Amino acid sequence: MIRIFSHYVSKMAFILLLLEVLILLAAAAAASAIWLADGRHVAARADNLYLSSLAFALVIVFSMSTLGMYQHRAREQLRNTLLRITPSFVLGFGLLSALIYMVPALHFGRGGLLIFALGGSGVLLTRLVVFKSAESAMLEARLILVGAGSIARECIELAASKIGFHQFTVVGCVEVAGEECRVPASALLPAGPSLLDIAHKYDAQEIVVSVSDRRNGAFPVRQLLECALGGVKVIDAATFFEREACQIRIDSLQPSYLIYGGGFDQSFLRATSKRIFDLLASAAICVAALPVMLVTALWIWIDDRGPIFYQQERVGKDGRIFKVLKFRSMRMDAEKDGKPIWAATDDPRVTRVGHIIRKLRIDELPQMLNVFRGEMSFVGPRPERAFFVEQLKAEVAYYDIRHSIKPGITGLAQVRYQYGASVADAVSKLQYDLYYVKNNSLFLDLLILLDTIQVVLFGKGGR
């Protein structure tokens, strides 16, 4: 993994993106060259070739991004690759056609069909080569865990679940005296002269410290220092989870990690760029979704003749209370006893219209008004109700950290995790929220926006 503006990105996914941009530019240039070579277009300017090629490459990459083709968990076989490329290029064709209609200079002439044929073939071939290379044992990262407790078990489970471009393998665990063993006996490594010798013996490039109690006299500080000096990278479990899962795990988190670990950018430059992004993104979504919002409003009113909008108090930045605006998706008597209730799967309180608009996240669209008011950001932790916030603050460590920035309409937890409906769900989502609060940037906001489009298109996570 590499870090781009504080966010961890798969190396293979990044390489794949660069290769495909070059392939798409080459395909577009070839098709444009055919058009320019046509005797009827001798007056065409050469800059059309560069502009058209760039537009094609960016539109196709955008289309593939919105369909999740650059997520590092998206490795797949030839058949699935074809099934994902096809809708991406169809979407790209529609977007490019609209762009050409607005900017006629981007017209490809006779090369229009050829550009998609060359581009699609090039992308398919590139993905086959990259995916095959990613499966090579030579590219597999090998790591050793220091500790054999519950955190080590979670690290092993995370490694076993990886299906991304770049694989990593847990060679085994080195027990530390005084810690309860929670991993299978087969995962334990035999003792050696030192950790560095064990790392060399098993050809491990990295050591992950998964010991929760480091004040224990048996904690091998000197041996870990020897590993770092000997060329074997040493990281703690919190960094491992942050890098590999985009989470800051509560159970492996030390307060010092938040204090000295960097991040938490709330500078004037970041605040200004985020506000500009919020306003531009919200305005663009409002314009694009206006027909959908008008139809939704009419549909809600026809369904039960009740109110179209619903306002609810939520907790914002620094614990301030504000009223969030949503399309009403539940019956008017959803909480007739006045006590807040977690939403559940197939919640009987949800109306017929509500099932659809919640699944597609259309009910969230009126919150653009909250963004314009400055009460919310476009991207950030989802605001929760004060009743649940007080409950969660009492039960979940570090929960209040998510209130150090403005809440958002969408966020990392919303695109990576299902709809929260319990304290356990809130803990899982908090781990993504903490990652966002620590590493937030305009780059990460853009990635979350692309993932949000995918969530809306496929109706993921709604209840």
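The values are calculated or read from the model by the stated rules, or taken from the named source; none is laboratory data. Predicted model, so just to flag it, every value in this text is computed and none were measured. Positions of Cβ are generated from backbone atoms using ideal geometry, with glycine treated the same way; all protein chains shown enter the neighbour counts. Ligands, DNA and RNA are stripped out before the accessible areas are found, and what is left, the full protein with its side chains, is counted by its heavy atoms. Shrake-Rupley method; radii C 1.70, N 1.55, O 1.52, S 1.80 Å.
Structure notes:
- Where N is the number of residues in region 130-288, Cα Rg divided by 2.2 N^0.38 Å: 1.30
- Region 205-332, relative contact order [Cα under 8 Å, separation at least 6], %: 13
- Membrane-span-like helices in the chain, defined purely by DSSP H runs whose alpha carbon atoms cover 20 Å or more axially and whose average Kyte-Doolittle hydropathy reaches -1.0, are 11-37, 47-66, 78-102, 112-134, 268-304, 423-439, 442-458.
- Test item: Cα-centred dipole of the chain, Lys/Arg +1 and Asp/Glu -1 on Cβ, debye: 1000
- Cα-based Rg of the chain normalised by 2.2 N^0.38 Å, two decimals: 1.12
- Taking the Kirkwood radius as Rh and the Cα radius of gyration as Rg, region 164-205 has a ratio of Rg/Rh equal to 1.02.
- DSSP-defined beta bridges in the chain - what % are antiparallel, rounded to 5: 40
- Per-residue SASA entry for Glu154, accessible area with 1.4 Å probe, Å² rounded to 10: 40
- Fraction of accessible area attributable to carbon and sulfur, region 162-218 (%, probe 1.4 Å): 51
- Under 28 Å of direct C-alpha separation, and excluding same-chain neighbours fewer than eight residues apart, Lys201 reaches these lysines: Lys11, Lys132, Lys162, Lys233.
- The order of Trp301, Trp342 by accessible area, most exposed first and with a 1.4 Å probe, is Trp301, Trp342.
- Fraction of accessible area attributable to carbon and sulfur, region 228-267 (%, probe 1.4 Å): 54
- Anchor Lys339: aspartates and glutamates whose Cα lies under 18 Å away (excluding residues fewer than 8 positions away in-chain): Glu313, Asp347, Glu384, Glu390
- Taken per residue, the accessible surface of the chain reaches 49 Å², heavy atoms only and a 1.4 Å probe.
- Entry note, the chain: the mean residue ellipticity at 222 nm calculated from DSSP H runs of n ≥ 4, each adding -39500 (n - 2.57), is -17000 deg cm²/dmol after division by the residues and rounding to the nearest 500.
- Within the accessible area of region 363-463 (1.4 Å probe), percent carbon and sulfur: 60
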